[in-house]
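The values are calculated or read from the model by the stated rules, or taken from the named source; none is laboratory data. Note that the structure is a prediction, hence the values are computed from the model and not measured. Cβ placement follows ideal geometry from the backbone for every residue including glycine, while neighbour counts extend to all protein chains displayed.
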Amino acid sequence: MSLHLYDSATRETTGLRPLIEGQVSLYACGPTTQGAPHLGHLRTFLAVDVLVRWLERSGLAVRHIRNVTDIDDKILAAAGAHDVPWWEWSLRFERQFGELLDRVGIRRPSYEPRATGHVPEMIAFMQRLIERGHAYADGAGSVYFDVRSLPDYGSLTNQSLDEMQDDAEASEPGKRDPRDFALWKAAKPGEPDTAAWDTPFGRGRPGWHLECSAMARKYLGESFDIHAGGLDLRFPHHENEQAQSHAAGYGFAQRWMHPGVLTVDGMKMGKSLSNFVTVADALAAHPAPAVRLALLSGHYRALVEYNEGTVGEAEVVWERFAQTVRRAVRLVGDEGAGPVADVELPAAFTAAMDDDLGVPEALAVVHRVQGELNTAVAAGDAAGAAPLLASLRAMLDVLGLDPLDPLWADGAEGAGGAEHAALDALVRAQLAARAEARADKDWARADSIRDLLAGAGIRVEDSRDGADWTIDTPGGN
C-alpha cells in the first residue's frame, strides 16, 4: 500500500507493510479507569480513529485491540477515598469513557480486553520470563523484570540504562536493581481481598506494563503491525512493554505511533493550573463535531493548542461544512445524501493522508472543494454540484465529519441538532419576511432585515432558488 507512517522507534517515515497481506493489526493503550477522561486522552484516541478510518478506506481490514486498565494503585486509592468497591468505581469510568468517545464519533475497537480478565496469560508470561533469565520473584509475592538482562533495554526511547532514573517504586526491598520494574505486585495490607489473585509467586495483582504485552500477544500474536498510545506513555510504559516482550522472544510491535501533546491556554493541562478540561466539560460547552475538528486539525504528531478561540473557530468551520452540504443536497436531490464509502477521493487528499496522515494538507483540499461546491450551488448548477458534493462528503467521512453521518445529522450535537434547528427556524422566518418585502418592492425593509441578520453574524446568500444563510466570519468560504 502507499501509506507511509512515522515510526517513533526508528524516527523514520516509511511505507507500511502489514505482516499479513490485506490486514493491519493495531494495539492501542486504552484508559486507566480511575477518573473521567480528559482532552489529552481524546486527542490520542482521535488520532488512532483517523488512522483506522484511513486504513479501512484504503481497503485494509483492521484488527484493533484497545485495553482497559481496570485495576492499579490510583483506582484503588480513588475508590477507597469514595468508599466504593474498586471494581464498581472502575466500571463507572470505563462506561463513561466509551460513551464519551461514541459522542465524538470514535469507532469502537475490535475488542476491549480488561487487565483483570487476563491474569492466567500474565502468569504464563512471567513464568516464561523467569525461565529465560529476565525476571525474578522476590519471595514475598512480587515479580520483577531484570532490566540489565536485556541488552536493548532503552532502545525505544533511545536511552542508555545508566542515564535512566530509578523506577518510581525503587524503594521496594525485593529489587536487585532500583530500575527493575514490577511485573506483579504483592498484595498490600489494607487493600481489598478482591484486588488480589493467587499465583505461583504469591498473592497479588498485575503490574501496569505486563498486561499490555500479555493481551497483545493473545489477540494479535507474537508480532503485530502498529502499537499506538499517548506520547507520555513512551517511557516507562511502552519501553517496558517492548522490553518484556522482546525478552520473552516475541517480535511485538513492528511500528510505534505516538500522537503529540495537547496544551490548553498555552500550557500543559493540569488540575493545579485551572486549565484541566475533561471530555465531558468540552462537550457540554461545544458541539461534538466542533471538538473533534478542533483536535484533529493539526498534524497528529504536532503539539495541539485547545482554547475557546480554537474551538470557536472549529465551530464556525463545522457549521460551514454542514451548511454547504445541506444546500447542495437541496439542489442535487436525494441522491446527494447517499453513501460515500466508494466515492473516489481527490488525488491531493489521498496523497496528504498517505503522507503520515497529513490532516492539515487534507483539510486544505476539503476547503478547496467546498469553495467549488459553493460556487456551483450559487449558480444553480446541479450537474456540477453533484460530484463535488460526493467528493466533499467522502473526504469529511474519512475524518469522521460527514455532516450527513447519522451521528451528526440526527443527534443533538450535530448539523441537524436541536440548537441548529431552532436557529434555522428563526432565520428562515426572517428570510421569508425579507422575500415578502422584496416582492412588495419594499427595499428599505428588505435591506433592514438583511442588516439585522448580518449584525447577528448571519450571512444571507441569494440564488435563483431563493435565499439561504450561513454563519459569517471574516475570510470564510
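Pick out, from the range 223-328, the helices (runs of 4 or more DSSP H) lying fully within it that include 2 or more residues that are farther than 30 Å from LEU183 by Cα and touching a strand residue (DSSP E or B) at 6+ places or on another chain (Cβ under 9 Å).
Output list reads 279-285, 288-296.
Residues in the range 195-204: is at least one among the hydroxyl-bearing types (Ser, Thr, Tyr), in a loop (DSSP other than H, G, I, E, B), surrounded by 17 or more Cβ atoms within 10 Å (Cβ to Cβ) and in contact (Cβ under 8 Å) with a residue 12 or more places away in the chain?
Yes, that holds for at least one residue.
Just to be sure I understand, how many residues within the range 12-45 are free of Cβ contacts under 8 Å to residues at least 40 places away in the same chain and assigned to a loop (DSSP other than H, G, I, E, B)?
3
Can GLY190 be described as at pLDDT 95 or above and assigned by TED's automatic domain parsing to the domain that holds VAL68?
no
Matching residues to (1) over 30 Å from ALA394 (Cβ atoms); (2) surrounded by fewer than 17 Cβ atoms within 10 Å (Cβ to Cβ); (3) not β-branched (Val, Ile, Thr):
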{"site": "LEU5", "(1), (2), (3)": "no, no, yes"}
{"site": "THR14", "(1), (2), (3)": "no, yes, no"}
{"site": "ALA47", "(1), (2), (3)": "no, no, yes"}
{"site": "ALA61", "(1), (2), (3)": "no, yes, yes"}
{"site": "ASP70", "(1), (2), (3)": "yes, no, yes"}
{"site": "LYS74", "(1), (2), (3)": "yes, yes, yes"}
{"site": "ALA78", "(1), (2), (3)": "yes, no, yes"}
{"site": "LEU91", "(1), (2), (3)": "yes, yes, yes"}
{"site": "ILE106", "(1), (2), (3)": "no, no, no"}
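Out of ASP152, ASP180, which single residue is loosely packed, with under 13 Cβ neighbours inside 10 Å, assigned by TED's automatic domain parsing to the domain that holds ALA243 and within 17 Å of GLU241 (Cβ to Cβ)?
ASP152
Has the range 132-143 got any residue that is modelled with pLDDT of 95 or more and hydroxyl-bearing (Ser, Thr, Tyr)?
Checked the range 132-143: at least one residue is modelled with pLDDT of 95 or more and hydroxyl-bearing (Ser, Thr, Tyr).
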